[in-house]
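Here it is: the structure, laid out below.
The values are calculated or read from the model by the stated rules, or taken from the named source; none is laboratory data. Note that this is a predicted model, so its numbers are computed, not measured. Positions of Cβ are backbone-derived with ideal geometry, glycine not excepted, and every protein chain shown enters the neighbour counts. Just the protein is used for accessible areas: all its heavy atoms, side chains included, with ligands, DNA and RNA removed. Shrake-Rupley method; radii C 1.70, N 1.55, O 1.52, S 1.80 Å.
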Amino acid sequence: MVFSKFAVIGVGRYGANIAKRLAEKGAQVFCFDNSEEKIEAIKDEVAFAVSLDTTDQKALASQNIVEMDAAVVAIGENFEATVLTCVHLMDLGVKRIIARASGAHQTLILEKIGITEILTPEDEVAFVVREQLLNPSILSFLQLPDDYEIAEIKPPKGTVGRTIDDIDFRNKYKLTLVTLKREYDVKKDGDYCVEKHVVGVPNSDTVIESRDTLVVFGTEKHVQRFIDINKV
């Protein structure tokens, strides 16, 4: 089995989270940061971690970084270091470069030097918070291109007690029900606790329960329409 190799440069909270999630999926993750403390914190969770000044092209080249399938530049506190690191990665011939930017100005600069995949975590967080504040029915979601999203939503009152076939997600609302997350009361060590489990692929005769979470795919407009129509 061939594993993907990824470099994560800058392992503060954001970069470390990316590195850990990649490693959990079986990728070989190589972490670089000029902070020995941050490298020490991540070294046991990834394939390789070393303290390194990535603004030094020779230092980068010494790590065989050109062999990586992609490099994620997640340096948060020093945008000059982000730009220099990206330029060095491009000069070295790294296949794919994904870089972090804070705000429109940094995004524009990265685009001007040729970076096409740009992460804007602050914007992403603000977008999620905005949606959850404006619509408490939405528990979480993944924004996709062209206004599509995968959203986890509380079942609107008008759907509780009805079957999936009766609700008719696809034809009536232009949504796809991906799955359900269902809460169960479980007794452990003499005490009851709540566990949430994925139902899998729901059958047409599955009945929506009030404590379910619906995982739906569709446009933002159609998700909102589904919630609004079934509020009562």
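Taking region 1-44, which residues are under 17 Å from the mean Cα position of the chain (by Cα) and in a helix (DSSP H, G or I)?
Selection gives ARG13, TYR14, GLY15, ALA16, ASN17, ILE18, ALA19, LYS20, ARG21, LEU22, ALA23, GLU24.
Condition first: farther than 30 Å from ALA104 by Cα and at pLDDT below 95. Can you find one or more residues in region 65-83 that meet it? Even if it seems obvious, please write down each step before you answer.
First, pick out the residues of region 65-83 that are farther than 30 Å from ALA104 by Cα: 67.
Among the residues that remain, those that are also at pLDDT below 95 are: 67.
Looking for residues that are farther than 30 Å from ALA104 by Cα and at pLDDT below 95, one finds at least one in region 65-83, hence yes.
Could you list, in sequence order, the residues of region 131-162 that are open to solvent by 30 Å² or more (accessible area, probe 1.4 Å), among the polar types (S, T, N, Q) and within 17 Å of ILE229 (Cβ to Cβ)?
If the condition is that a residue be open to solvent by 30 Å² or more (accessible area, probe 1.4 Å), among the polar types (S, T, N, Q) and within 17 Å of ILE229 (Cβ to Cβ), then SER137 is the only one that fits.
Taking region 181-210, which residues are open to solvent by 70 Å² or more (accessible area, probe 1.4 Å) and either over 15 Å from ARG162 (Cβ atoms) or part of a strand (DSSP E or B) (or both)?
Those that are open to solvent by 70 Å² or more (accessible area, probe 1.4 Å) and either over 15 Å from ARG162 (Cβ atoms) or part of a strand (DSSP E or B) (or both): TYR184, ASP185, LYS187, LYS188, ASP189, ASP191, TYR192, VAL194, LYS196, HIS197, VAL198, VAL201.
Look through ARG225, ARG211, ARG182 and report the one residue that is touching a Pro at 6+ places or on another chain (Cβ under 9 Å) and touching a residue at least 12 places away in the same chain (Cβ under 8 Å).
Numbers: ARG225 fails: touching a Pro at 6+ places or on another chain (Cβ under 9 Å); ARG182 fails: touching a Pro at 6+ places or on another chain (Cβ under 9 Å).
Checking each option against the conditions leaves just ARG211.
Among residues belonging to region 114-126 that are farther than 22 Å from LEU60 by Cα and open to solvent by less than 70 Å² (accessible area, probe 1.4 Å), point out the one that is nearest to the chain's Cα centre (by Cα).
The initial filter retains those residues of region 114-126 that are farther than 22 Å from LEU60 by Cα, namely 120-126.
After this cut, where a residue has to be open to solvent by less than 70 Å² (accessible area, probe 1.4 Å) as well, the list is 120-121, 126.
Values: THR120: 12, PRO121: 10, ALA126: 14 Å.
The extreme case among them is PRO121.
List the number of the failed condition for VAL216; all other conditions in (1) surrounded by fewer than 16 Cβ atoms within 10 Å (Cβ to Cβ); (2) modelled with pLDDT of 85 or more hold.
Every condition holds for VAL216 apart from (1).
Can you tell me which residue in region 114-134 is modelled with the lowest pLDDT, limited to those that are part of a loop (DSSP other than H, G, I, E, B) and touching a helix residue (DSSP H, G or I) at 6+ places or on another chain (Cβ under 8 Å)? First the steps, then the outcome.
Going through region 114-134, the residues part of a loop (DSSP other than H, G, I, E, B) turn out to be 114-116, 120.
Still in the running and touching a helix residue (DSSP H, G or I) at 6+ places or on another chain (Cβ under 8 Å): 114-115, 120.
Working: GLY114: 93, ILE115: 94, THR120: 83.
Residue satisfying both the conditions and the ranking: THR120.
Oh, and also: Which of the residues that make up region 131-170 are touching a residue at least 12 places away in the same chain (Cβ under 8 Å), of a type in the set (Asp, Glu) and closer than 26 Å to ASN203 by Cβ?
Within region 131-170, GLU149, GLU152, ASP165 meet the criteria.
Starting from residues that are assigned to a strand (DSSP E or B) and β-branched (Val, Ile, Thr), keep the ones in region 167-180 and report whichever is farthest from VAL216 (Cα to Cα).
Start the filter on region 167-180 by keeping residues that are assigned to a strand (DSSP E or B), which leaves 176-180.
Remaining after also requiring β-branched (Val, Ile, Thr): 176, 178-179.
Details: THR176: 6, VAL178: 5, THR179: 7 Å.
By that ranking, first place goes to THR179.
Could you list, in sequence order, the residues of region 163-180 that are open to solvent by 40 Å² or more (accessible area, probe 1.4 Å), of a type outside the set (Lys, Arg) and in contact with a helix residue (DSSP H, G or I) (Cβ under 7 Å, 6 or more places away or on another chain)?
If the condition is that a residue be open to solvent by 40 Å² or more (accessible area, probe 1.4 Å), of a type outside the set (Lys, Arg) and in contact with a helix residue (DSSP H, G or I) (Cβ under 7 Å, 6 or more places away or on another chain), then THR176 is the only one that fits.
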